[in-house]
1. Can you tell me how many residues within the range B:25-47 are more than 12 Å from chain A (Cβ to nearest Cβ) and either part of a helix (DSSP H, G or I) or in contact (Cβ under 8 Å) with a residue 60 or more places away in the chain (or both)?
2. With respect to the numbered conditions (1) away from every other protein chain (no Cβ under 14 Å); (2) in contact with a Phe, Trp or Tyr (Cβ under 9 Å, 6 or more places away or on another chain); (3) buried (at least 20 other Cβ atoms within 10 Å of the Cβ), which one is the sole condition not fulfilled by C:Ser232?
3. Name the single residue, out of those in the range A:44-54 being open to solvent by 10 Å² or more (accessible area, probe 1.4 Å) and in contact (Cβ under 8 Å) with a residue 24 or more places away in the chain, that is farthest from A:Ser358 (Cα to Cα).
4. Does A:Gly197 meet the test of being closer than 18 Å to A:Phe140 by Cβ and either modelled with pLDDT under 90 or away from every other protein chain (no Cβ under 14 Å) (or both)?
5. Filter the range C:269-308 down to residues that are open to solvent by 30 Å² or more (accessible area, probe 1.4 Å), among the aliphatic types (A, V, I, L, M) and within 14 Å of chain A (Cβ to nearest Cβ), then give me how many there are.
6. Quick check, is A:Asn33 of a type in the set (S, T, N, Q) and in a helix (DSSP H, G or I)?
7. Within the set of pairs 6+ apart or on separate chains, which have a first residue in the range A:69-87 that is within 7 Å of another protein chain (Cβ to nearest Cβ), a second that is open to solvent by 10 Å² or more (accessible area, probe 1.4 Å) and among the basic types (Lys, Arg), and C-beta atoms under 6 Å apart?
Amino acid sequence: MDVARTEENIRLPDEVAQEVAEGRLQTEQMVLNVGPQHPATHGVFRLLATIDGEVLVDAEPVIGYMHRGYEKLVEARDYRQITNLVSRMDWLSGINNEMPLALAVETLMELEVPPRAQYLRVVLLEMNRILNHLMFFASFAAELGAITPTFYAFREREDIQAAMEMATGGRMHFGYMRPGGLKEDVPKGFFDQALFGVRQVMDRIDDYYNLIIGNEIYKQRTIGVGVLDKELAYNYGVSGPIARGSNIDFDVRKDEPYLAYADFDFEVPVGLNGDCFDRFWVLLHEVYESARIVEQAIEGMPSGPILGKVPRVIQAPEGEVYVRCENPLGELGMYLVSDGDRRPYRLKIRTPSYNNVSVLPVVLRNTFVSDMIAILGSFFFVLGDIDR
Amino acid sequence: MPVTERVVGQQALDRVTAELGSLVGDARVNFDQIDVTCTPGNLVEVVAKLREAAGIEARFFTFLSAVDRTAFGGEERPDTERGTPLEVLVHLYSPDHATHINIHVPVDQADPRCPSITSVFGGALWAERECAEMFGIDFTDHPNLTNLYLPEDFEGNPLRKAFKLPTRMVKPWPGAKDPEEAAGGGRG
Amino acid sequence: MFELNLSDWQILLVKLGLVLAIVPAITLVAGYAEHKVMAHLQHRLGPMYPGGFHGWATLLADGLKFIYKEDIIPAAADRKVFSLAPLAIFVPTVLTVLVLPLDETLVVEELDLGLFYLLAVSSISTIGMLMAGWSSSNKYALIGALRAAAQLIAYELPIVLSAAVAAMLAGTLSLNGIVEAQEWPFVLWPPGIGLIAFLVFFGAGVAELTRPPFDMPVAESEIITGAFTEYSGMRFIFSTFFPEVANMVIISGVATTLFLGGYQPIVPLGFLDAVPGLVWFTLKTAFMVFMLLWIRPTFPRLREDQLQKFAWKFLIPTSLVLILAAGAWVLYAPEGLK
């Protein structure tokens with residue numbers, strides 16, 4: 001599955017930029033408005049790009065077209081309602097968004113979560129991660145001009161999606177987490193469907209490799225393109241597959257195991273150079289690791305209740321805590337300040353896409369227009385997650 | 001490189017206080033994370049030191065935001081234990097030691113000012129713009145302190161407690177169980 | 001028996017009418033094939049409903065839809081140039097069909113300079129792309145048009161040079177002559193030269209069609225169909241879908257004519273001569289079209305500079321060497337081998 005990498009593949013657009021800077025190449029700059037409605041922006045995201053021919057001189061992301069003010073809205077809603085609200089932040093990984101909220105309330109209230117609920121949570125979280133990653137597998141390939149992976153990915157997604165639907169009744173916004181456990185136990189047949197779905201993904205992931213990662217044109221388009229420096233990633237708080245692509249071994253599931261993650265055997269794939277190729281490579285490997293976790297969790301599934309001893313009205317006691325989870329796109333953290341009410345006093349939501357995208361102006365400088373699309377695609381962001 | 005040496009709780013507190021000394025006021029452990037309070041004047045030095053100090057190396061910029069505590073516990077509070085009720089909150093994380101550090105920076109509520117930490121952490125560029133429009137805090141020497149989300153002509157600072165959601169002012173809060181709360185429109 | 005007495009210009013009119021009727025028909029068939037082949041390669045069914053049987057009437061319905069669509073011309077556009085650009089792309093496409101020999105006698109106009117005419121006419125569409133891109137007064141369209149011009153010019157050369165190899169081996173520029181000069185096993189003889197020339201022609205052909213993996217001028221995920229961003233309704237169809245699919249068939253037809261023995265039977269067995277040449281020509285062309293359709297869902301898109309590199313640093317030098325080799329073969333190969 002490994003791909004040979006050579007120095008020759010790495011190209012320096014800076015050479016072109018330097019020629020322009022030294023005046024050897026007389027050109028005129030123009031401002032290109034990429035978005036808010038553009039196929040490569042996955043929603044209403046705008047990039048003010050100053051281009052010089054095909055070279056991007058400067059790029060400034062403009063966000064906020066989908067700002068819904070969640071941090072204000074949650075202050076007027078109780079925790080049960082917020083669960084359904086935060087589910088809509090990153091609409092590709094709904095159940096992952098609900099997780100840190102439940103964890104934060106559990107931490108403040110010192111609630112015990114029964115083991116079955118912990119395992120079930122892991123199963124659902126990881127299945128959701130696979131769904132999310134397959135979606136980005138499809139969209140990244142489509143942005144590079146390969147249309148077929150979309151259909152392959154959606155074929156596999158559908159079986160996992162069916163399992164999620166059996167358990168939660170939803171396909172995107174699940175609203176299944178509760179402080180202290182889960183809404184209800186999973187129905188009969190759920191485990192079979194889930195195992196079927198993830199095993200199918202595990203079987204077919206080699207096809208994906210052959211179709212995309214092994215492709216010579218794909219390698220030319222991605223290797224050495226959009227390199228994200230390790231220090232830069234730390235400085236901007238870049239996390240998730242994008243940080244791991246930049247050779248940063250940073251995964252909340254390993255570093256600070258929450259739920260039952262310490263019980264499972266899984267690897268954290270880490271890239272080498274931080275280019276588009278590595279980011280995508282990490283993404284595909286994570287699909288495989290998540291599938292392994294789901295398998296292990298279902299095999300070791302304990303029996304018992306799915307909800308701990310939870311008071312009828314959930315009121316977090318006075319205090320504050322920062323809780324974070326490994327969202328499919330990176331670190332999703334919630335800083336909960338409670339004054340003992342049924343509603344949070346303040347909930348700062350630290351979304352992964354927000355920090356990941358904020359580094360774009362630096363990465364995009366002196367790249368080609370075509371590379372810009374590849375880089376945007378390889379930063380795996382969801383607009384709802386940036387704007388909240 | 002994953003976490004090499006786990007430093008949390010009291011051990012982390014010792015390291016942080018040893019490094020920062022008198023730069024910070026109150027420092028304590030909260031759910032294994034470190035809470036420190038510092039003045040706006042010291043903030044840049046504090047984050048720079050936390051980032052570089054051996055044994056801490058909080059290189060990962062998690063978030064920068066603010067908390068308005070004026071309505072904490074349902075009552076008007078002119079000041080809190082940390083000083084003024086409005087505070088800037090910076091969260092740093094050390095990937096090598098799994099140490100979380102929350103830096104609380106109380107700022108003047110009438111004329112909130114805080115130096116920008118963008119010279120240390122580039123990630124604060126957007127976070128400070130968001131914080132500025134949402135809380136009305138002026139981050140001095142930020143290179144481009146324009147609105148990130150809100151339109152330029154937006155009035156008010158939405159995340160301040162004094163800013164009421166218009167829907168809540170005319171409509172009762174739908175989630176209320178008690179009649180008097182529903183009539184009061186909640187506290188949104 | 002009745003005798004038809006038609007003057008020259010009447011014959012020309014009839015021929016033109018036929019061409020104008022047949023070209024869209026073939027385009028529809030090829031477009032439908034594209035829908036279906038791509039769908040099945042991607043685990044889909046493709047269109048299933050319009051017309052009843054496997055959605056055969058999809059493209060008719062599509063065409064109807066486009067006729068009814070509003071024809072929008074941007075306020076800032078150069079109206080005249082904007083409206084003429086689709087014609088400048090569409091007409092050369094139709095003109096290329098005129099010289100393709102479908103069978104020994106089945107050709108609209110047999111020209112002695114057939115190959116020359118074909119290559120000359122097919123390069124006009126570059127101007128149409130530039131017209132569309134510039135007149136739209138849209139930045140994406142402008143980038144697309146410049147990309148298209150750069151690409152079409154770069155790949156025109158390998159096409160001309162590799163076609164020249166075929167002409168040299170045949171010793172004529174007449175397309176009928178080239179077909180007649182080829183003998184079994186067509187592209188494999190003379191060894192190497194024919195096959196490489198064919199591959200160069202085919203590769204450059206894909207780029208000329210601006211189809212994946214060489215579709216940067218119209219890359220929809222980057223520059224939103226490039227030069228045609230602002231086009232809508234029938235103008236859009238006549239500048240994108242129609243020329244693309246028609247040219248796909250034509251390039252396949254030209255490749256068949258130049259390298260695959262045109263209307264000659266696939267294997268030289270006596271009884272196969274009874275099958276009309278048109279059938280062989282169609283079969284070979286259909287095979288080439290299928291290859292083109294197969295490429296599209298398989299590969300990602302190259303980058304503009306990589307594409308130029310591929311043309312100037314690989315295809316053109318290769319075809320120049322081929323010309324030398326072909327010349328040497330024609331001059332010095334022993335008589336028994338030719």
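The values are calculated or read from the model by the stated rules, or taken from the named source; none is laboratory data. Treat the numbers as computed from the prediction; the structure is a model and nothing was measured. FYI the Cβ positions are ideal-geometry reconstructions off the backbone, even for glycines, and counts take in every protein chain you see. Quick note on the areas: whole protein, heavy atoms, side chains included, nothing else; ligands and nucleic acids left out. Shrake-Rupley method; radii C 1.70, N 1.55, O 1.52, S 1.80 Å.
1. Number of matching residues: 11.
2. In the conditions (1) away from every other protein chain (no Cβ under 14 Å); (2) in contact with a Phe, Trp or Tyr (Cβ under 9 Å, 6 or more places away or on another chain); (3) buried (at least 20 other Cβ atoms within 10 Å of the Cβ), C:Ser232 misses (3) alone.
3. Among them, the one singled out is A:Gly53.
4. no
5. The qualifying residues number 1.
6. no
7. From residues that are within 7 Å of another protein chain (Cβ to nearest Cβ), the pairs are A:Ala76/B:Arg168; A:Asp78/A:Arg342; A:Asp78/A:Arg343.
Yes or no, residue by residue, for (1) more than 30 Å from A:Glu28 (Cα to Cα); (2) in contact with a strand residue (DSSP E or B) (Cβ under 9 Å, 6 or more places away or on another chain); (3) outside any helix (DSSP H, G or I):
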{"residue": "C:Thr93", "(1), (2), (3)": "yes, no, no"}
{"residue": "C:Asp103", "(1), (2), (3)": "yes, no, yes"}
{"residue": "C:Leu111", "(1), (2), (3)": "yes, no, yes"}
{"residue": "C:Ile153", "(1), (2), (3)": "no, no, no"}
{"residue": "C:Val206", "(1), (2), (3)": "yes, no, no"}
